[in-house]
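Participant: Here it is, the structure in full.
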Amino acid sequence: MSVVVEGRALTRDYLVPGSLTRKAKLIQAVKGISFSVEAGKTLAIVGESGSGKSTLARIVALIDPASGGELLIDGKPVDILQHRPTREMRSKVQMVFQNPYGSLNPRQKIGDVLTEPLALNTNTPARERRERAEAMLVKVGLPAEVYNRYPHMFSGGQRQRIAIARALMLNPDLLVLDEPVSALDLSVQAQVLNLLADLQDEFNLAYVFISHDLSVVRYIADDVLVMHKGEAVEQGSREALFSDPQHPYTRSLFAATPVTDIEAIRARVEKRAAMRAAV
Amino acid sequence: MTDTSVTAVKLSDAAIRRRMLKEFWFYFSRNKGAVLGLIVFILLVLTAIFAPLLAPHDPTQQYRDALLVPPVWQEGGRAGFILGTDAVGRDMLSRLIFGARYSLFIGIVVVSVALSGGIIIGLIAGFYGRWIDTVIMRVMDVILAFPSLLLALVLVAVLGPGLTNAMIAIAIVYQPHFARLTRAAVMAEKQREYVTAARVAGAGNIRLMLKTILPNCLAPLIVQATLSFSSAVLDAAALGFLGMGAQPPAPEWGTMLAEAREFIMRAPWVVTFPGLAILISVLAINLMGDGLRDALDPKLKRS
Amino acid sequence: MSLLNIRNLTVRFATSTGAFTAVDGIDVRVDKGEVLAVVGESGSGKSVAMLAVMGLLPDTATVTADEMTFDGQNMLAMSPRQRRRIIGREITMIFQEPIASLNPSFTVGYQIEEVLRFNAGLGRKAARARAIELFDAVGIPEPEQRLKSYPHQMSGGQSQRVMIAMAIATNPRLLIADEPTTALDVTIQKQILDLLMKLQEDSGMALILITHDMGVVAETADRVMVQYKGHKMEESDVLTLFENPQSPYTRALLSALPENATGDRLPTVSDFFKAADAQIAAEGGAA
């Protein structure tokens, strides 16, 4: 299997500027994280707000530079501080954002949303761009006729499909998915997760899947990396991590995640009934 | 919430545009004042376009036998001069009709110059931030610190009186308003995910500024442009009144007022009608601007 | 013994495209000391029904009901004054965005003391003492210090604790919590849910929990009401709902949970929605 993306001891620091009463402060959002993802596999990065998981996602998606460490894409080191990402790099890594209401330009037609990456990174003629965009719409489960509509005419789930279609236009090797289903309803979430699974099989895509939801992670991930306050407290295969979590933080995450297990519900209902009888 | 139930009807570009226009009109037309303003404004535009056909006389033709003739409904009025004549015997109505051309011309030129300057400056300040933003905005603050008419007067005094210079001066005075508005909108939009998404798609800074961010900042600018349009007409009239704007014999409303100053007691109509013309057009455009704000702002919030 | 009883509640909104029915003839019953979960996805009208009870809907909404009683008192026949005596004292509510629910210009202490003075009729000193007591009860450390904090100085979880403290300040008999943990991290969510359940058990108040999260339902509810497009799809006790759901729509929701996934794929749910729509149509035909 070929490794698509590899991070070696990646760090990211922010300087919070000081004021009259405060000193400037250096905040380490990501503290030395290493990982690698193979083609066709999914690495889930799990954490709560402030864990640095979105910062890491932006580094991997070549949006922000890392402060330290090394990022390799297809085995080649990338440093966007020194050179802007080349067309070739851009074509390899694409991203899907959390909020489908914010990630589509309200003044841009769906067709322009989809053809923009092609127009900017390739020399594809306009006619072919349109054909490919329409084909991609069909692939993500939307009729090609939506090509000339605006984003506000679509529901959240449909918009997320459009955002996924945009990310796939350049035939990337790696998709960075930043909480792609957490803004969606349960029923729509299931459809989008299915779509992502199908697309991964079809294009042999590598996913870096950012999430706070352990049940989603368990469903989609091959490997899991748990982040807490900028550090990777635990990483390993899904089976190992879910069957035998090692780090106390991982365990507390599991303990806090609500379960719909019938026996647990039965126990709770009985406990409540007993308590009421006692009163 | 079935996700795949998009109506697979193919909408043409024209149909979509019609739908959006209809929605815009729905919100605009709920504001009765705005509709009234729009009607008056359209009449004003038509008057300006067809001025030579509508005006009964040449606006600069002096009828030596008809000095200060009162309007037709007053004693001594003549059917040939419906709104009377001024001190050198020019027909008031014709001058007012041609004056509409000046007012619209001034409004359009001033707003276009101020708007394009403001957008460019505001985009750069808002997009790049840091020291560029600080430098630009402090300069804008300096301009804003002057009373606008006073600054325009100073500029005209430097450039020399005349309509062109008056328009340039007013545009310079108005430009910071547009720059600030653009900057604020750009700073807010810059944070949105679609901008990051466009960057991931490979868009460079210029494209991000002009194609991605700018179209989303236009609604407040359109409203500000309409409101500035009326202020520009007003300020140009004020400069004209002070002798710094359009020069006689141009039938500009403010200049007409200035020329008529000394006859205010003897022949009130020579002052009243240009004043009314300014009042009505400014009021109409302001009402229209309010309606535009109502129609455009909630739309931004909804999408 | 039912505390809140509503029959045939309908809420319509006037919109630019005509009238829109958000809640369509729903019956709601909550017993004393009971935890009722109202579950639904966006657009199901789950919040609207409760906002209608609280009288918090905008002017564009028309609310009709055959019956609306709280503890035997007819709320439909009440004067606005009598209604206000119940709402905010006997029935209180907390919302999804705790930070947005607090006024950023005042300290949290001032805000909770205001509630205590106006709704519980306490004096300045008594209000301060009770505020400290309440902060203690909702698990805010160093209550005296925290009373002086402004909302922006608190985390989301702490703000929600403040909101809960304000909501239980008048010892209400019914607390409506509208997605109280949706904006919070899972570990914080767990703490807030535990707190709500503990307060409920200690005081014996009834709790209506509006949520989209089946996990939250499983961990809190006695009885569950499932809503879809303004219609009630199912009303069951919590065990029945998860073990043997009665309506096809509930079955669809449960099967869409990733943790219930059997094999590689989640079930396609649009078929179930068709079933749900058919259920609504059948009810409409019967009525």
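Participant: So what is the relative contact order of segment B:29-302, in percent, for Cα pairs below 8 Å that sit 6 or more residues apart?
Facilitator: Here the relative contact order equals 25 percent.
Participant: Okay, next question. Which whole-Hz ³J(HN,Hα) couplings does segment C:162-171 yield from phi under the Karplus relation 6.51 cos²θ - 1.76 cosθ + 1.60, θ = phi - 60°, glycine and proline marked x?
Facilitator: Each residue of segment C:162-171 in turn: 5, 4, 5, 4, 5, 6, 9, 4, 9, 6 Hz.
Participant: How large is the accessible surface per residue of segment C:1-150, computed with a 1.4 Å probe and reported in Å² as a whole number?
Facilitator: 50
Participant: Something else: Compute the relative contact order of chain A as a whole-number percentage, counting only Cα pairs closer than 8 Å that sit 6 or more residues apart in sequence.
Facilitator: This gives 24 percent for chain A.
Participant: Could you work out the mean count of beta carbons from other protein chains within 10 Å of each residue's beta carbon in A:96-108?
Facilitator: 6
Participant: What is the mean number of Cβ atoms from other protein chains located within 10 Å of the Cβ atom of each residue in peptide A:259-270, rounded to a whole number?
Facilitator: Mean partner-chain Cβ count within 10 Å for A:259-270: 5.
Participant: List the accessible area buried at the contact between A and B, summed over both sides and calculated with a 1.4 Å probe, in Å² to the nearest 100.
Facilitator: Chains A and B together bury roughly 3200 Å² of accessible area.
Participant: Given a 1.4 Å probe, show me the residues in segment C:153-189 buried by at least 10 Å² of accessible surface when comparing the whole protein assembly to the chain alone.
Facilitator: Correct list: C:D185, C:V186, C:T187, C:Q189.
Participant: Per-residue HN-Hα couplings for segment C:31-39, Karplus 6.51 cos²θ - 1.76 cosθ + 1.60 at θ = phi - 60°, whole Hz, x for Gly and Pro?
Facilitator: Values per residue, Gly and Pro as x: 8, 4, x, 9, 10, 9, 9, 10, 10 Hz.
Participant: Is there a simple number for the mean count of other chain Cβ atoms within 10 Å of the Cβ of residues in A:190-197, and what is it?
Facilitator: Other-chain Cβ atoms within 10 Å of each residue's Cβ, averaged: 5.
Participant: Angle between the Cα long axis of helix C:186-203 and the longest principal axis of chain C, 0 to 90 degrees, nearest 10?
Facilitator: 80
Participant: Which value, in debye to the nearest 20, gives the size of the charge dipole of segment C:99-169 about its Cα centre, when Lys and Arg are +1 and Asp and Glu are -1 at the Cβ?
Facilitator: Roughly 160 debye for segment C:99-169.
Participant: Which of the listed residues, B:L67, B:T196, B:N31, is farthest toward the dipole's positive end in segment B:29-302, when Lys, Arg count +1 and Asp, Glu count -1 at the beta-carbon?
Facilitator: Positive-most Cα among the choices belongs to B:T196.
Participant: Could you tell me whether chain A comes out rounded, prolate or oblate from its Cα gyration tensor? Rule is a ≥ b ≥ c as square roots of the eigenvalues, rounded for a/c under 1.5, then prolate if a/b exceeds b/c, otherwise oblate.
Facilitator: Taking the square roots of the gyration eigenvalues as a ≥ b ≥ c, chain A is oblate.
Participant: Within chain C, what whole-number % of the accessible surface is contributed by carbon and sulfur, with the 1.4 Å probe and all protein chains included in the calculation?
Facilitator: Here it works out to 50 percent.
Participant: Please work out whether segment B:29-302 counts as rounded, prolate or oblate from its C-alpha gyration tensor, where a ≥ b ≥ c are the square roots of the eigenvalues and a/c under 1.5 means rounded, while otherwise a/b larger than b/c means prolate and anything else oblate?
Facilitator: prolate
Participant: Sort the following peptides by mean Cβ neighbour count (other Cβ atoms within 10 Å, averaged over residues), highest first: C:142-148, C:161-167.
Facilitator: Highest-to-lowest ranking by the protection proxy: C:161-167, C:142-148.
Participant: Considering the options A:Y150, A:P125, A:L81, tell which one lies farthest towards the positive end of the dipole of segment A:3-278, charges being +1 on Lys and Arg and -1 on Asp and Glu at the Cβ, about the Cα centre.
Facilitator: Of the candidates, A:Y150 comes out farthest on the positive side.
Participant: Normalised by the number of residues in segment A:1-142, what is the relative contact order in percent for Cα pairs under 8 Å and 6+ residues apart?
Facilitator: After rounding, I find 21 percent.
Participant: How far, in degrees from 0 to 90, does helix B:130-145 lean away from the longest principal axis of the Cα atoms of chain B, to the nearest 10?
Facilitator: 20
Participant: OK, next. What residues qualify as long-range amide H neighbours of A:E234, i.e. H under 5 Å apart, gap of 5 or more or another chain, H built at 1.01 Å from N?
Facilitator: A:V226
Participant: Taking the Cα centre of the protein assembly as shown as the origin, how large is its charge dipole in debye, to the nearest 20, when only Lys and Arg (+1) and Asp and Glu (-1) carry charge on their Cβ atoms?
Facilitator: Once rounded to the nearest 20, the dipole reads 2160 debye.
Participant: May I ask for the net charge around B:A55, where only other residues with Cβ less than 12 Å from the Cβ of B:A55 are counted and Lys, Arg are +1 while Asp, Glu are -1?
Facilitator: So the environment of B:A55 carries a net charge of +1.
Participant: What distance in nm separates the two pseudo spin-label positions at A:V16 and C:S2, each 7 Å out from Cα along the beta-carbon direction?
Facilitator: Going from the A:V16 label point to the C:S2 one covers 5.2 nm.
Participant: Given the options A:V146, A:V226, A:V93, state which has the largest fluctuation in a GNM of chain A using a 10 Å cut-off (strictly under) for Cα springs.
Facilitator: A:V146
Participant: Right, here's the next one. Return the calculated 222 nm mean residue ellipticity for the protein assembly as shown, to the nearest 500 deg cm²/dmol, obtained by summing -39500 (n - 2.57) across DSSP H runs with n ≥ 4 and dividing by the residue count.
Facilitator: Estimated from H runs of four or more residues: -16000 deg cm²/dmol.
Participant: Taking H placed 1.01 Å from N in the peptide plane, check which residues at least 5 places from B:G245 or on another chain put their amide H under 5 Å from its amide H.
Facilitator: Sorted by chain and number, the residues that satisfy this are B:G162, B:G240.
Participant: What net charge do the residues around C:A218 carry, taking every other residue with its C-beta under 10 Å from that of C:A218, with Lys and Arg at +1 and Asp and Glu at -1?
Facilitator: Within the 10 Å Cβ shell, the charges total -2.
Participant: If you don't mind, another one. Any idea which of C:I112, C:L122, C:G40 is furthest toward the positive side of the dipole for segment C:37-187, if Lys and Arg beta-carbons carry +1 and Asp and Glu beta-carbons -1?
Facilitator: Ranked along the dipole, the leading option is C:L122.
Participant: Using DSSP loop states and a limit of at most 13 other Cβ atoms within 10 Å to flag trypsin sites (Lys or Arg not before Pro), what is the longest stretch of chain B containing no flagged site?
Facilitator: B:65-265
Participant: Continuing with this model, one more query. At most 12 other Cβ atoms within 10 Å plus a DSSP loop assignment makes a site exposed; report the longest stretch of chain B without any exposed chymotrypsin sites (Phe, Trp or Tyr not before Pro).
Facilitator: B:74-303
Participant: Continuing with this model, one more query. Which links in B:K190/C:K148; A:K53/A:K109; A:K25/A:K92; A:K31/A:K76 stretch past 24 Å when you go from one Cα to the other?
Facilitator: Correct reply: B:K190/C:K148; A:K53/A:K109; A:K25/A:K92.
Participant: What are the ³J(HN,Hα) values, in whole Hz, obtained from phi via the Karplus relation 6.51 cos²θ - 1.76 cosθ + 1.60 with θ = phi - 60°, for each residue of segment B:14-28 in sequence order, with x given for Gly and Pro?
Facilitator: Running phi through 6.51 cos²θ - 1.76 cosθ + 1.60 with θ = phi - 60° gives 5, 5, 5, 4, 4, 5, 5, 5, 5, 5, 4, 5, 4, 6, 5 Hz.
Participant: Which is the longest part of chain A that has none of the trypsin sites (Lys or Arg not before Pro) sitting in a DSSP loop with at most 11 other Cβ atoms within 10 Å?
Facilitator: Counting at most 11 other Cβ atoms within 10 Å as exposed, the longest clean stretch of chain A is A:24-279.
Participant: Dipole size in debye (nearest 20) for segment C:1-144 around its Cα centre, Lys and Arg Cβ +1, Asp and Glu Cβ -1?
Facilitator: 560
Participant: List the residues whose amide H sits under 5 Å from the amide H of A:Y101, counting only those 5 or more places along or on another chain, with H placed 1.01 Å from N in the peptide plane.
Facilitator: none
The values are calculated or read from the model by the stated rules, or taken from the named source; none is laboratory data. Just so it is clear, the model here is predicted, and its values are computed rather than measured. Here the Cβ is made from the backbone with ideal geometry for all residues, glycine too, and neighbour counts use every protein chain on show. The protein model used for the area step is the full one, side chains on, heavy atoms only, and it has no ligands, DNA or RNA in it. Shrake-Rupley method; radii C 1.70, N 1.55, O 1.52, S 1.80 Å.
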